[in-house]
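The structure under discussion appears below in the form of structure tokens.
The values are calculated or read from the model by the stated rules, or taken from the named source; none is laboratory data. Please read all numbers here as calculations on a predicted model, not as lab measurements. Every residue, glycine among them, receives a Cβ derived from its backbone with ideal geometry; neighbour counts consider all protein chains shown.
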Amino acid sequence: MKKVVIILIFFYPVFLTASETDTTTWNGKNVTFLAGEILVGLQSWADEGDIASTLSQINGVIIKDFDQLNIGLIKIQNNNNIHSAINSLKYNAAVLYAEPNIEMSVLSTYPNDPYYVGTAPPPYNYAHQWGLYNFGQNPPTGRTDADIDAPEAWDYETGSSSIKIAVFDSGIPMIGDSLSHPDLDDVSRIIIGEDFTTEQNTVKDSLGHGTHVAGIIGAETNNNEGIAGVAHGCKIIIFQTVAENGYGTVSSFYDAVIAAVDSGVQVINFSGGWVTYEETIKRAVEYADNAGIVQIYAAGNEAGDGLRFPARFAYGPKAIEVVDSVQGSLHLLQNWNAYGSVISVASTNSYDAQSSFSSYDPDSNYISVAAPGGEGSGWPSIVFGSSDIFSTTPNYPFAIQQGHPEVSTSYGYLAGTSMAAPHVAGIAGLILSRFTTLSASDVRNVIEKSAEDVNWRSMLGFDKYLGHGRVNAFYAVAPPVTPSNFSGTWYNTHPKISWNSNIEPDLKHYLILKNNVPYITTTNNYYIDFSESQYSIGNPKVYVSYKVKAVDITDQSSNSSTSLSFAINGGIEKKEAGEEIISEAIDSYGLFSNYPNPFNPSTQIVYQIPKEGFVNLTIYNTLGQVVQTLVNKKQTVGKYTVEFNANNLPSGVYIFKLQADEFSSTKKMVIAK
């Protein structure tokens, strides 16, 4: 019979045994469940006393008390009568639903961390984390910028310790009672939660999957050790819902959700799932949704065989034919809602294409977004390697290695939507750290609107394979760039201003300032002002000035463009102001990542200086040779945007360096032609 897998994303043989299990058919699927265990939801007015006679009839006992959602767990002695027992419970008016406790399986600033920057000892001296920063490195080969733009995002946000991300998985490396992995041992950030798989109450990871997921989200960064985590400033709380054999249950997921809400987390990541709809799963998701928690769920690794639950809860249902266990008749199951806090995550490879294993529904759109999850070469007889996702693994032998000896101790490669989901969870942590008042549905909206439409299969816009596209952390947290090529002319007797459209996918509108006062918003990249008739002819010349800013969906705005002034009366004149100095207080030096990056042929470099002084901004190649000097003069306090055109330069990595008095900073840029 088919196991009900969670979703770890990778594929490995199961060698270990868990609690006693059995198989049955449920909601039209072959499933594995814990022998004799039934999840029961009671009506709001009922309590366990109302089912006492039914429990006696089916020879059942309560093994987990009914909680605040009136859900409990019972066990019957004769497992052969599981359907009969469920039917008896459903005939009791106090019972809202009853279902087997079904098993799941898992799916599997520039930091100085050696596996991130490529300074590990040979033969590992290459940048392993292409999902964070992909410049076409080999291995694994791929498409430049097929990544989440993590280093560009870190210029703006690395995560706040006030944000807690819950990881529901197989645990975290521990030796004794202590965190043991050098990239996951910061006790001020890594919180040991509860174990919902055994009675041992330890979250030690004996499987290896949970460690990999936790590292993607929040591995310690800038510690000259291992890898970099997406949201390395956020806290992570570990709840063990997956056992050493790679399986967990509906009840373990449900219990973890209740505990996570009680712990005050803002984000849940669960890289697992079930092929069947379960009422208890829905009620757990609904409980987290009501608590305002962002929920990140992996789509699954079944290619076109459909998504798993709870990922499907990102969108409403389609009609599903199931057999009614009481009446024995076919009916349509249409009893779940779409939850605005739920984000379903597909997987992309290093070429920004859908991973071959990534689940989708052939007939419906259930995918929210996609994120790097690897390729899983040779799927389903997979051998993990450099085309997959590199992250932390336990610093001792673990179960995955029994089927995949190529997965090394301490750090290694895995693939799957299990690895894609934590990239998105990390971005959610960055967003909530930067925009503290956003709701869970707001965070989902930012993640979806800031995703890049990578046009896999030449499909423009939202599609059933990758949803809104591959996520982009930089677009999600950074303000828009200043609109370029701001210019003006006369249209009949009125000023007309225009500018180049911004490329950010999460752009909301442009704000036009008139005489330095917010005047009007527009979604066009031009504006014609018809209001200047208020100035009568014959008066002395009246100059009206215009600027434009770009505004994104988080209401962050770019710097103002340069100013254009029109002489309304006494002749037609246009006056361009010089370099624009922003009005905000500048109290520190700063050199920011260029945008776009990679680029062809031009990009913008932004820097700021807190006091008047001599400034030099120069471009170098990787040999240290000067390519072009962009700025070499005295400048006053302010933030500046300089355009660099590389039309005559070959593709490759270049360095730009800012020197201003005692301040010096360098960053990388990539020309991709």
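Cβ-Cβ distances below 8 Å connect the following pairs, each with a first residue in the stretch 260-284 that is under 21 Å from S160 (Cβ atoms), a second residue that is hydroxyl-bearing (S, T, Y), and a separation of six or more residues or different chains: V261/Y287.
Of the residues making up the stretch 233-253, those that are among the hydrophobic types (A, V, I, L, M, F, W, C) and under 23 Å from the mean Cα position of the chain (by Cα) are C234, I236, I237, I238, F239, V242, F253.
Selection of the stretch 422-461 for residues being touching a Leu at 6+ places or on another chain (Cβ under 8 Å), in a helix (DSSP H, G or I) and of a type in the set (V, I, T) yields I431, V443, V446.
Looking at the stretch 280-291, can you tell me whether even one residue there is more than 23 Å from A346 (Cβ to Cβ), in a loop (DSSP other than H, G, I, E, B) and hydrophobic (A, V, I, L, M, F, W, C)? Within the stretch 280-291 (the criterion being more than 23 Å from A346 (Cβ to Cβ), in a loop (DSSP other than H, G, I, E, B) and hydrophobic (A, V, I, L, M, F, W, C)), the answer is yes, since at least one residue qualifies.
I'd like to know if the stretch 264-271 contains one or more residues that are modelled with pLDDT of 95 or more, aromatic (F, W, Y) and in the same structural domain as A166 (by TED's automatic domain parsing). Yes: the stretch 264-271 contains one or more residues that are modelled with pLDDT of 95 or more, aromatic (F, W, Y) and in the same structural domain as A166 (by TED's automatic domain parsing). Just to be sure I understand the filter: pairs with C-beta atoms under 9 Å, separated by 6 or more residues or on different chains, first member in the stretch 287-306 and modelled with pLDDT of 95 or more, second member among the acidic types (D, E) and surrounded by fewer than 24 Cβ atoms within 10 Å (Cβ to Cβ). Which pairs pass? Here the result reads Q295/D289, each pair linking the stretch 287-306 to a residue that is among the acidic types (D, E) and surrounded by fewer than 24 Cβ atoms within 10 Å (Cβ to Cβ).
Filtered by the rule that a residue be within 24 Å of the chain's Cα centre (by Cα) and hydrophobic (A, V, I, L, M, F, W, C), the stretch 404-426 gives L414, A415, M419, A420, A421, V424, A425. Entry remark, the stretch 156-179: residues being within 23 Å of the chain's Cα centre (by Cα), of a type outside the set (V, I, T) and either in a loop (DSSP other than H, G, I, E, B) or farther than 24 Å from A399 by Cβ (or both) number 9 in total.
Looking across the stretch 224-252, the residues that are part of a helix (DSSP H, G or I) and in contact with a Ser or Thr (Cβ under 6 Å, 6 or more places away or on another chain) come down to V250, S252. Looking at the stretch 401-415, which of the residues that are assigned to a loop (DSSP other than H, G, I, E, B) and hydrophobic (A, V, I, L, M, F, W, C) is surrounded by the most Cβ atoms within 10 Å (Cβ to Cβ)? Per the criteria, the residue is A415. When the stretch 258-276 is filtered for residues that are under 14 Å from I191 (Cβ atoms) and outside any strand (DSSP E or B), the ones remaining, listed by number, are A259, A260, D262, S263, G264, V265, Q266. Only residues that are acidic (D, E) and closer than 24 Å to G36 by Cβ: list them for the stretch 232-276, please. Within the stretch 232-276, E244, D255 qualify.
Could you look through the stretch 438-462, keep only residues that are of a type in the set (S, T, N, Q) and modelled with pLDDT under 95, and pick out the one that is surrounded by the most Cβ atoms within 10 Å (Cβ to Cβ)?
Checking each candidate, the answer is N455.
With respect to the conditions (1) assigned by TED's automatic domain parsing to the domain that holds T348; (2) on the phi > 0 side of the Ramachandran plot, G429 falls short on a single one, namely (2). Of all residues being in contact with a Ser or Thr (Cβ under 7 Å, 6 or more places away or on another chain) and buried (at least 19 other Cβ atoms within 10 Å of the Cβ) in the stretch 477-496, which is modelled with the lowest pLDDT? Just the residue, please. The extreme case among them is F486.
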